[in-house]
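Working notes, structure below.
Here, each number is a calculation from the coordinates, and none is a lab measurement. These numbers were taken from a predicted model, which means no experiment stands behind them. Reconstructed Cβ throughout: ideal geometry from the backbone, glycine too, with neighbour counts over all protein chains shown.
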Amino acid sequence: MITIKNLVKTYTTGSKTTTALNGINLEIGEGEIFGIIGHSGAGKSTLIRCINMLERPTSGSVWIGDTDMARLGKSQLQRQRRRIGMIFQHFNLLSSATVYDNIAFPLRLERASRAEIDRKVKAMLELVGLTEHARKYPAQLSGGQKQRVGIARALATDPRVLLCDEATSALDPQTTDSILRLLLDINRKLGLTIVLITHEMHVIQSICDKVAVIHGGIIAEQGPVIDVFLKP
Ligand code: ADP
Ligand code: ADP
């Protein structure tokens with residue numbers, strides 16, 4: 001489903017060059033929940049942003065299905081990006097829009113019809129359990145509810161992949177568990193491939209099938225969670 005080959009990303013600011021990713025190779029299977037764990041500065045955000053080309057790799061390739069994302073032009077990339085949902089640590093909701101309108105936002109960008117938008121938003125509200133909160137604004141919601149809106153917005157365009165960037169790091173342990181259960185439920189229900197980056201071992205152990213440990217821009221180890229972390 002996602003194949004990353006020899007991915008390198010360097011940032012240059014003035015005369016200073018930072019190598020954030022130094023030859024990443026990863027294979028993520030369809031329908032997997034794949035965790036990427038590492039300390040701050042390890043390269044996690046850069047890696048996830050290279051998967052949907054929010055950052056252009058310096059070299060290497062990122063295949064999603066049979067498309068090499070690194071080789072797409074702007075308009076093709078925009079089309080492909082709709083197939084990749086993303087959720088964030090700080091939710092990134094539009095504060096002046098209701099829950100309904102936040103979820104409708106990516107559908108409006110796609111110029112979906114009003115009927116289609118309404119059908120889809122209602123299905124997403126139901127999926128994340130927020131039907132009763134459609135008319136509220138983000139400020140009226142708890143952190144967990146805000147992330148549910150983030151998930152609903154990310155899934156509204158029927159992506160094949162959901163990228164989660166420290167999606168539970170701003171939440172308390174109980175809320176974290178409820179969001180992780182929701183992600184697991186969505187993975188099972190929709191067969192969606194989920195890639196999540198985190199610095200929390202607990203997140204990896206509770207829902208991931210496989211894990212890669214990233215350190216200094218390279219993958220130190222990868223495999224089934226049970227092999228990587230639960231070895232005697
Ligand atoms: P993590 O998400 O694991 O904390 P990042 O991917 O954010 O790691 O960062 C990896 C390295 O790349 C760090 O050394 C960081 O300082 C550097 N870096 C990240 N983004 C930029 C940027 N836009 N410009 C320059 N350096 C960056
Ligand atoms: P900003 O310039 O502060 O990001 P925007 O109006 O562009 O303001 O976006 C507001 C919020 O909506 C941001 O947090 C952003 O992450 C989110 N957003 C913007 N564009 C999209 C999109 N195409 N799909 C989903 N969320 C988006």
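Just a few scattered comments:
- Between the range 89-139 and the range 30-50, the alpha-carbon center distance in angstrom: 27
- The Cα atoms of the chain define a convex hull whose projected area, averaged across directions, is 13.5 nm².
- Measuring against 23 Å, Cα to Cα, the residue pairs 122/146; 74/189; 74/210; 44/189 contain 74/189; 74/210; 44/189 as the ones spanning a longer distance.
- Restricting the calculation to Cα atoms, the range 6-137 shows an Rg/Rh of 1.03 when the hydrodynamic-style radius is the Kirkwood one.
- Förster radius 22 Å - calculated FRET efficiency between residue 56 and residue 17, Cβ distance, rounded to 0.05: 0.90
- Here is the list for the range 83-173: trypsin sites (Lys or Arg not before Pro) lying in DSSP coil, each with at most 10 other C-beta atoms within 10 angstrom of its C-beta, are 111, 135.
- Long-range HN-HN contacts of residue 220 with modeled amide H, under 5 Å: 213, 214, 215
- Helical content of the chain, expressed as a calculated mean residue ellipticity at 222 nm, amounts to -11000 deg cm²/dmol (DSSP H runs of 4 or more residues, -39,500 (n - 2.57) each, divided by residue number, nearest 500).
- Exposure proxy for 105, 91: other Cβ atoms within 10 Å of each Cβ, ordered fewest to most, give 105, 91.
- Evaluated with a Cβ-only charge set (Lys, Arg +1; Asp, Glu -1), the chain carries a dipole of roughly 860 debye about its Cα centre, given to the nearest 20.
- Exposure proxy for 116, 27: other Cβ atoms within 10 Å of each Cβ, ordered fewest to most, give 116, 27.
- Signed unit charges on C-beta, dipole axis of the range 130-232, positive-most listed residue 157, 192, 229: 157
- Rounded if a/c under 1.5, otherwise prolate or oblate - the range 58-109, Cα gyration tensor axes: prolate
- Chain lengthening between residue 215 and residue 131 when straightened (0.36 nm per residue, less Cα-Cα): 26.1 nm
- The charge dipole of the range 1-82, taken about its Cα centre with unit charges on the Cβ atoms of Lys, Arg (+1), Asp and Glu (-1) only, comes to about 440 debye.
- Taken about its Cα centre, the range 38-98 carries a charge dipole of roughly 160 debye when the Cβ of each Lys and Arg holds +1 and the Cβ of each Asp and Glu holds -1.
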